[in-house]
Each structure stands twice: as C-alpha cells, then as structure tokens.
Amino acid sequence: MSKLSLDIYRKKRDFSKTTEPSGSRKKSRTKLPIFVVQKHAATNLHYDVRIEINDVLVSWAVPKGPPKTIGEKHLAIRTENHPLEYATFEGIIPEGNYGAGKVKIWDSGTCQSIKYHHGKLLSLSESLKKGSLEVRMYGKKLKGSYAFIKTHLPGKQEQWLMIKIHTKKRS
Ligand code: MN
C-alpha cells in the first residue's frame, strides 16, 4: 500500500518562514531534510548550497550559483560540513576571518532524495557515499530537481557538478 504524499502541502509552504508543522508522518516521525543557499560575498562571490544529511549541512560552494536550465552544469566545490543552525545565519563575517564578507540567505526550504539504484530509493546519505545525489528541492527559487555529481577533477577540495535535471514523475 502506498503512503499518502505530503508533497503538495510542503511545496506550498516554506517552513523556515512559517511555524506550521511540516507534517511529519506519525509512524516514522521523519520530516524532509532542509536545504539552504547562502549568497556569500567573500573574496570571490559565490553561493553556498547546503543540504541536511545526517544532522549536518553538507556544503558546496557554487561560484556561478545554482544552474537555471535543465542540463546546465555548474562547478560545485565541496566544503566543510556546517552545523544545522547555520541554515538561518545571515550577517557579515568580519575581515581577517575565514570566509570574510556578507552572508545572505538566497533561498531555503526542504528537499528529498529522488535517487534510485537498482529500483531502490537511496537516502541522501547513501547517495553522498556514492558521490551521486539526485535531490528534489522545494524552495522559492530552487524548485525542481538537481544532481550533485562528484568528479575526478583535481583540486584541494572535491570538485562536484551541480546539474539541473528533469523531475521524474513517480508512478
Ligand atoms: Mn562560502
């Protein structure tokens, strides 16, 4: 028996802005993970894309920002995991500090894995280990689905690609 979807309820709301419940399932008591995109005016302006996985915000710095059209690929440099509380952070990191510059939330919302492997839906955590995520994002600007693919490009940090992909219809 298939579970009733809460997708539309969630899609209509930004739970970082409303105190309405996100509608946890009574049985599992799980809710959708969060994501945030922060515009960071550091030495080089970039966008930090952060996704909640196993109680931290797994992060990528995307110099060009999230891709806008299907098939568009943008470099996403994996950065250190951030605490969940960072998702609401805005402010100016003073000069002389790591990441000095203005941080502003560009978008936030919830997300969910849509990555299948041999017919099984993988969790974000399982996908991360494979270096290949497919995430549906329910934001104000980021609507639709994105892939995060780890590349073998050389660099001090892991070089990933953030790609806008089609949202597959569930049957
Ligand atoms: Mn940054």
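Would it be correct to say that Leu153 is hydrophobic (A, V, I, L, M, F, W, C) and assigned to a loop (DSSP other than H, G, I, E, B)? Outline the logic, then answer.
Details: hydrophobic (A, V, I, L, M, F, W, C): yes; assigned to a loop (DSSP other than H, G, I, E, B): yes.
Judged against the criteria, Leu153 is a match.
Among the numbered criteria (1) surrounded by fewer than 19 Cβ atoms within 10 Å (Cβ to Cβ); (2) within 12 Å of the chain's Cα centre (by Cα); (3) farther than 18 Å from Lys31 by Cα; (4) touching a residue at least 60 places away in the same chain (Cβ under 8 Å), which single criterion is violated by Ala87?
It fails just one condition, (3).
Does region 66-96 hold any residues that are part of a loop (DSSP other than H, G, I, E, B) and away from the ligand (no atom under 12 Å from the Cβ), and which are they? Outline the logic, then answer.
Within region 66-96, the first condition is being part of a loop (DSSP other than H, G, I, E, B), and the residues that meet it are 66-72, 89-90, 94-96.
Answer for region 66-96, where residues must be part of a loop (DSSP other than H, G, I, E, B) and away from the ligand (no atom under 12 Å from the Cβ): Pro66, Pro67, Lys68, Thr69, Ile70, Gly71, Glu72, Glu90, Pro94, Glu95, Gly96.
So, Thr43, is that one hydroxyl-bearing (Ser, Thr, Tyr), within 12 Å of the ligand (Cβ to nearest atom) and either modelled with pLDDT under 95 or assigned to a loop (DSSP other than H, G, I, E, B) (or both) or not?
Working: hydroxyl-bearing (Ser, Thr, Tyr): yes; within 12 Å of the ligand (Cβ to nearest atom): yes; either modelled with pLDDT under 95 or assigned to a loop (DSSP other than H, G, I, E, B) (or both): yes.
Taking the combined requirement at face value, the residue satisfies it.
Considering region 129-139 alone, what residues qualify as being in a loop (DSSP other than H, G, I, E, B) and either over 13 Å from the mean Cα position of the chain (by Cα) or over 20 Å from Ile34 (Cβ atoms) (or both)? Outline the logic, then answer.
If we filter region 129-139 for residues that are in a loop (DSSP other than H, G, I, E, B), which is where we start, we get 131, 139.
Result: Gly131, single match.
Has region 70-81 got at least one residue that is of a type in the set (Gly, Ala, Ser) and either under 19 Å from Ser108 (Cα atoms) or under 11 Å from the mean Cα position of the chain (by Cα) (or both)?
Let us first name the residues in region 70-81 that are of a type in the set (Gly, Ala, Ser), namely 71, 76.
Filter once more, so that each one left must be either under 19 Å from Ser108 (Cα atoms) or under 11 Å from the mean Cα position of the chain (by Cα) (or both): 76.
Yes, the conditions are met somewhere in region 70-81.
Can you tell me which residue among Lys130, Lys156, Lys141 is within 16 Å of the ligand (Cβ to nearest atom) and among the charged types (D, E, K, R)?
On the way: Lys130 fails: within 16 Å of the ligand (Cβ to nearest atom); Lys141 fails: within 16 Å of the ligand (Cβ to nearest atom).
Unique residue meeting the criteria: Lys156.
Of all residues in region 50-65, which are under 19 Å from Ile165 (Cα atoms), more than 10 Å from the ligand (Cβ to nearest atom) and β-branched (Val, Ile, Thr)?
If the condition is that a residue be under 19 Å from Ile165 (Cα atoms), more than 10 Å from the ligand (Cβ to nearest atom) and β-branched (Val, Ile, Thr), then Ile51 is the only one that fits.
From the list Ser132, Ser171, pick out the single residue that is at negative phi and at pLDDT below 90.
The unique qualifying residue is Ser171.
The values are calculated or read from the model by the stated rules, or taken from the named source; none is laboratory data. Treat the numbers as computed from the prediction; the structure is a model and nothing was measured. Using ideal geometry, Cβ is built from the backbone for each residue, glycine included, and neighbour counts are taken over all protein chains shown.
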